[in-house]
Amino acid sequence: MIQAIKNLAIRGAPAIGIAATAAVYLAHLELENQPDYTANMTKAIDQIEASRPTAVNLFIATAKAREILHSNPTTEAFREQVNTIMRYEYQACQRMAENGYQAIPKNFTRFLTHCNTGSLATYGSGTALGVLKKIALHRRIEVFVDETRPLFQGARLTMWELMKSNITCTLITDNMAAHTIKTHKIQAIIVGADRIAKNGDVANKVGTYNLAILAKHFNVPFYVVAPKTTFDHTIEAGDDIIVEQRLPEEITTINGYAIPPQKTQTFNPAFDVTPADLITEIITD
């Protein structure tokens with residue numbers, strides 16, 4: 001499970017929170033009849049927390065696991081915690097979709113989004129993508145999708161989900177966003193979040209900050225959609241958020257083929273932080 005989180009087989013803040021909770025349950029099943037159960041479980045939870053550093057949902061899940069470990073470490077308790085977080089995330093998606101539908105002006109029909117925020121990243125209909133799916137039930141919309149380099153979550157996942165939902169969608173490369181906003185008269189940009197600081201600064205897939213600046217320039221609303229499990233009340237501002245650094249190969253290779261010269265230095269942050277003053281609204285459950 002840890003490897004699945006690390007290599008992005010499981011990704012998206014809500015899904016990572018669920019996976020972390022399930023990983024604790026799996027660790028309990030492996031360790032419950034072994035000596036030094038508490039110490040080994042504590043080590044396992046530490047390893048789960050080290051899988052990815054930015055999405056706060058993971059740490060909320062492991063904090064609850066530590067509570068169970070020191071109060072009622074039974075198979076039933078750990079299993080029920082998995083069921084509880086799955087139910088919560090599913091219901092949160094429904095509430096975010098409804099809140100987003102109510103918050104976004106009814107005449108908006110052209111949107112731009114980044115990365116993947118749908119069912120593949122959550123457990124229900126999604127965060128930002130869940131809102132778009134809800135809007136699409138009531139009026140015809142068009143969604144422009146950043147490919148989202150370097151791992152193409154937009155191209156591979158968001159386009160697939162939108163097409164499955166019969167929503168008109170158009171793929172663009174990340175560096176086409178400004179031109180697309182201008183020429184296609186984008187009315188709103190809508191994204192998800194991996195961690196939100198107390199002051200409203202938002203960490204999300206790298207490239208989000210770019211879009212927020214463009215939204216400001218074009219006077220386009222910039223919406224962030226995230227469940228309450230994404231809010232980190234221990235962090236005052238975005239500068240305190242640890243941004244995960246990924247492997248150089250994600251930038252230097254595509255489908256196994258090397259692109260730049262050998263020994264090219266890389267900078268590959270998985271996330272960036274958008275200041276609160278660039279965000280129109282945070283839509284939550």
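The values are calculated or read from the model by the stated rules, or taken from the named source; none is laboratory data. Worth saying up front: this structure is predicted, and the values here are computed from it rather than measured. Virtual Cβ from ideal backbone geometry, glycine too; neighbours counted across all protein chains shown. Ligands, DNA and RNA are excluded from the accessible area calculation, which covers all protein heavy atoms including side chains. Shrake-Rupley method; radii C 1.70, N 1.55, O 1.52, S 1.80 Å.
Suppose we filter segment 162-204 for residues that are surrounded by 14 or more Cβ atoms within 10 Å (Cβ to Cβ), part of a helix (DSSP H, G or I) and in contact with a helix residue (DSSP H, G or I) (Cβ under 9 Å, 6 or more places away or on another chain); how many remain?
5
How about segment 146-194: which of its residues are of a type in the set (Phe, Trp, Tyr) and at negative phi?
Restricting attention to segment 146-194, the residues satisfying the condition of being of a type in the set (Phe, Trp, Tyr) are 152, 160.
Result: Trp160, single match.
Residues that are open to solvent by less than 40 Å² (accessible area, probe 1.4 Å): list the strands (runs of 3 or more DSSP E) wholly contained in segment 205-285 that include at least 3 such residues.
Where strands (runs of 3 or more DSSP E) fall fully within segment 205-285 and carry at least 3 residues being open to solvent by less than 40 Å² (accessible area, probe 1.4 Å), they are 222-225, 271-274.
Kindly provide the set of residues from segment 66-81 that are in a helix (DSSP H, G or I) and either farther than 14 Å from Thr229 by Cβ or over 26 Å from the mean Cα position of the chain (by Cα) (or both), ordered by number. Reasoning before the result, please.
Keep residues of segment 66-81 that are in a helix (DSSP H, G or I), which gives 66-69, 75-81.
Correct list: Arg66, Glu67, Ile68, Leu69, Thr75, Glu76, Ala77, Phe78, Arg79, Glu80.
Return the pairs, sorted by first residue and then second, in which the second residue is part of a helix (DSSP H, G or I) and of a type in the set (Phe, Trp, Tyr), the first residue lies in segment 76-87 and is surrounded by 17 or more Cβ atoms within 10 Å (Cβ to Cβ), the beta carbons are less than 7 Å apart, and the residues are 6+ apart or on different chains.
Here the result reads Phe78/Tyr25; Val82/Tyr25, each pair linking segment 76-87 to a residue that is part of a helix (DSSP H, G or I) and of a type in the set (Phe, Trp, Tyr).
So is Arg149 open to solvent by 20 Å² or more (accessible area, probe 1.4 Å), basic (Lys, Arg), farther than 22 Å from Tyr101 by Cβ and not in a helix (DSSP H, G or I) or not?
The answer is yes for Arg149.
Report, by residue number, each residue of segment 88-143 that is open to solvent by 50 Å² or more (accessible area, probe 1.4 Å) and assigned to a strand (DSSP E or B).
Listed by number, the residues that qualify are Arg110, Glu142.
In the list Ala19, Ala15, Ala23, which residue meets the criterion of being farther than 15 Å from Thr229 by Cα and open to solvent by less than 20 Å² (accessible area, probe 1.4 Å)? Show your work before the answer.
Values: Ala19 fails: farther than 15 Å from Thr229 by Cα; Ala15 fails: farther than 15 Å from Thr229 by Cα.
It is Ala23.
Hey, Ala55 hits all of (1) within 16 Å of Lys6 (Cβ to Cβ); (2) open to solvent by 10 Å² or more (accessible area, probe 1.4 Å) but one; which does it fall short on?
(2)
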